[in-house]
């Protein structure tokens, strides 16, 4: 069987790259019988190249190029090269226009399915507004009678089924993988003078860095002594919007901008931090939460469905309203604890299940 894999939006970083990496790394263990044609962006790099995979570079990252590729490009490439797929897996939210070929669509954006709204007139929110109000039409138009959807969590499956009125049997759950053993084999946290709060997240509005900046500003005014004793580390650069917020609030002395970290660096900061912050109010799964819990870290996160599903049973988590500045300030004052590293007993090898379903 020949399977086309659509991943032209994946580059050298980001969530989509992680999904593509996990999929490709799972091929040798789960399917050596079928042939995979994986369409990727030229910037995407994969060191692991299974023998039954062909990587085809396609420049279709921009919105217009991607729409063209999804509607016409893949089908024309197939015709030109005389290679027809038996099945298609799209790892980037929407399917492709390709006759009656059975498709599996990995849906990893939660934006259309949450209660939050954004302002189309705001430059920083315009893209989010598009994903909330227009993008669902692109998703829905690519769902045919023989299409299966793949999501990362139970809460998202429920919302997707309601939104598209689709039978739950056609929506599969694929939990992101994480190397639990590798995490636990790292060294004990290093001692630092300041209490370190670590928040690994990109510079999106819904990641809610602003609430931490506001909490720091409030703490500086209310309790200068405690303010001097802490440090917050973001995985952002000094070119980020959050840096400008921190500068305006006068708290740059207490915020470290680390930039993009690789996995080893990320794990090192999990290990050396006193607590992990996660004020994001929109996530599909929230992988940093399960990683932080695997270190036995004190975790402060928003009281949203995704967080409760991922680490609701972890003793070291405290749930906080995403927009309560006072509450976020108070946790910066609190003493932090170290807990028994958390093991998610509900973890399943969902990639194996996906390969089984897709190749049967």
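The values are calculated or read from the model by the stated rules, or taken from the named source; none is laboratory data. Bear in mind the structure is a predicted one, so any value in this text is a computation, not a measurement. Please note: Cβ atoms are built from the backbone with ideal geometry, for glycine as well, and neighbour counts cover all protein chains shown.
Overview of values
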{"read-out": "Residue match in segment 322-343 (condition: farther than 21 Å from residue 233 by Cβ and crowded, with 16+ Cβ neighbours inside 10 Å)", "value": "yes"}
{"read-out": "The one condition in (1) more than 28 Å from residue 280 (Cα to Cα); (2) surrounded by 15 or more Cβ atoms within 10 Å (Cβ to Cβ) that residue 80 fails to fulfil", "value": "(2)"}
{"read-out": "Strands (runs of 3 or more DSSP E) wholly inside segment 1-120 that include at least 2 residues being within 20 Å of the chain's Cα centre (by Cα)", "value": "2-7, 87-90, 102-106"}
{"read-out": "Test: residue in segment 84-92 that is farther than 10 Å from residue 6 by Cβ and without any contact (Cβ under 8 Å) to a residue 60 or more places away in the chain", "value": "no"}
{"read-out": "Members of segment 293-306 found to be within 18 Å of residue 273 (Cβ to Cβ) and in contact with a helix residue (DSSP H, G or I) (Cβ under 6 Å, 6 or more places away or on another chain), listed by number", "value": "293, 294, 295, 299, 300, 301"}
{"read-out": "Identity of the residue in segment 155-184, farther than 29 Å from residue 69 by Cβ, surrounded by 15 or more Cβ atoms within 10 Å (Cβ to Cβ) and under 17 Å from the mean Cα position of the chain (by Cα), that ends up modelled with the lowest pLDDT", "value": "178"}
{"read-out": "Residue count for segment 213-254, restricted to those that are in contact with a strand residue (DSSP E or B) (Cβ under 6 Å, 6 or more places away or on another chain) and under 22 Å from residue 321 (Cα atoms)", "value": "6"}
{"read-out": "Number of the exception - residue 293 against (1) within 26 Å of residue 12 (Cα to Cα); (2) surrounded by 15 or more Cβ atoms within 10 Å (Cβ to Cβ); (3) at pLDDT below 95", "value": "(1)"}
{"read-out": "All positions within segment 228-245 that are in contact (Cβ under 8 Å) with a residue 40 or more places away in the chain and in a helix (DSSP H, G or I)", "value": "241"}
{"read-out": "Residue 215 vs. criteria modelled with pLDDT of 80 or more, in a loop (DSSP other than H, G, I, E, B) and outside the structural domain of residue 24 (by TED's automatic domain parsing)", "value": "no"}
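Condition check ((1) outside the structural domain of residue 36 (by TED's automatic domain parsing); (2) exposed (fewer than 14 other Cβ atoms within 10 Å of the Cβ); (3) out of contact with any strand residue (DSSP E or B) (no Cβ under 6 Å at 6 or more places or on another chain); (4) modelled with pLDDT of 90 or more) across all residues:
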site	(1), (2), (3), (4)
266	yes, no, yes, no
278	yes, no, no, yes
303	yes, yes, no, yes
307	yes, no, no, yes
310	yes, no, yes, yes
352	no, yes, yes, no
